[in-house]
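Note sheet for the following structure.
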Amino acid sequence: MKITIVAGARPNFMKIAPIMHAIDNAREQGKEISYRVIYTGSANDTSLDPSLFADLNIKKPTAYLGIGFENLTERAGGIMLAFEKELKENPTNIVLVVDDLTSTMACAIVAKKQNIKVAHLVAGTRSFDMSMPKEVNRMITDGLSDYLFTAGMGANRNLNQTGAENEQVFLVGNILMDSLRYNRHRFIKPTTFGVLGLKEQSYILLTINRHALIENKENFKELMERLISEAKGTPIVAPLHTYVRDVISELNIKASNLHILPPQSYLSFGYLTSKAKAIVTDSGNVAEEATFLGIPCITLNNYVEHPETCSIGTNELVGESPEQLGSAIEKIMKGEWKQGSLPERWDGRTADRIVQTLLQLV
């Protein structure tokens with residue numbers, strides 16, 4: 001069996017790394033299975049820092065398509081042309097795509113046009129907002145996929161309501177938990193941890209990535225000021241990209257307990273996540289990891305891809321409301337946060353289930 005695995009952005013690698021490990025293990029057990037990893041971007045992509053592949057203990061992509069258009073339509077077209085050539089030169093049995101990127105949709109379309117089976121990892125997630133490009137990508141990819149691998153029953157219900165056949169849908173769990181389980185003992189304490197005098201379970205980790213959140217600068221400033229105020233001196237550790245740091249500087253947001261750091265490597269960020277007292281984020285992935293680690297998490301968004309993080313996990317949605325953020329931080333500081341539990345099959349064995357399923361089906 002030959003599997004072509006597609007990655008379209010840095011976060012995809014955290015989700016395909018366990019699949020690569022599981023396939024390698026299956027090969028060692030005598031299974032006839034192999035894979036190629038195709039990155040739709042450039043080999044010079046600055047987001048793929050040299051430490052990423054070493055941190056995840058995986059090889060670099062087999063091939064790079066080199067497509068990097070800012071315009072989503074141009075990007076989709078470029079990826080489709082390049083991926084079509086890739087598949088003709090390197091025949092495969094299955095194309096496995098991840099998440100909800102333009103690359104996910106584009107490669108699924110090309111595979112189906114060549115009569116190749118498509119497997120969608122993290123299928124069935126929905127925002128129910130068709131104005132979001134990612135929601136369109138999800139709907140198209142799910143509709144084309146032969147195998148739909150889901151993280152929870154909420155995703156299963158979404159697929160059922162859109163007409164997916166039960167025999168196409170496989171509840172395998174959350175693949176991010178595999179990476180956490182595999183790497184937890186390998187996390188690296190950042191050098192800044194000691195420099196700042198931080199102590200485990202005594203700081204708030206802040207991550208911000210959504211452009212929409214920081215574009216409303218007045219509200220963003222209120223969010224930051226409310227977080228700083230309610231933290232009451234508790235260190236706030238914020239590994240942020242340059243575009244977010246620039247807005248914070250422009251708005252003159254400063255505090256003695258606000259420590260802004262550059263983006264961290266996977267293993268260093270994993271350490272900061274696992275040792276935090278609480279997490280404030282706009283990232284669904286980080287919220288999912290917080291649930292696995294049992295850490296209180298506040299999400300600055302109006303929806304989550306996996307509602308289980310809120311219904312039984314440690315996550316709570318506050319939208320973009322400074323008032324709701326303040327109330328949530330107050331509960332954490334008073335020790336009144338809810339106790340969470342793990343959703344079904346969020347046990348770090350998702351990749352094994354996926355590979356075994358594919359071996360049985362194809």
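The values are calculated or read from the model by the stated rules, or taken from the named source; none is laboratory data. As the structure is a computational prediction, the values presented were derived from the model and not from experiment. For neighbour counting, all protein chains shown are included, and Cβ atoms are generated from backbone atoms with ideal geometry for every residue, glycine included. Heads up: the accessible areas ignore ligands, DNA and RNA and are worked out on the full protein's heavy atoms, side chains in. Shrake-Rupley method; radii C 1.70, N 1.55, O 1.52, S 1.80 Å.
Points worth noting:
- Accessible surface of the stretch 1-59, 1.4 Å probe: 46 percent of it comes from carbon and sulfur atoms.
- Sum of -39500 (n - 2.57) over DSSP H runs of 4+, divided by residues of the chain (222 nm, nearest 500): -13500 deg cm²/dmol
- Violating pairs (Cα-Cα greater than 21 angstrom) within the set Lys275/Lys334; Lys59/Lys275; Lys59/Lys189; Lys59/Lys117: Lys59/Lys275; Lys59/Lys189; Lys59/Lys117
- Unit charges at the beta carbon, dipole of the chain: most positive-side option, Gln356, Ile248, Ile208: Gln356
- Each Cα pair under 8 Å and six or more residues apart adds its separation to the average, and for the stretch 1-101 the resulting relative contact order is 41 percent.
- Here the relative contact order of the chain, from alpha carbon pairs under 8 Å that lie six or more residues apart, stands at 16 percent.
- DSSP loop GluC sites (Glu not before Pro) with at most 11 other Cβ within 10 Å excluded, longest remaining stretch of the chain: 166-335
- Amide proton proximity set for Leu258, modelled H, under 5 Å, gap of 5+: Ile236
- Sequence-distant contacts, meaning Cα pairs under 8 Å at least 6 residues apart, place the relative contact order of the stretch 15-72 at 40 percent.
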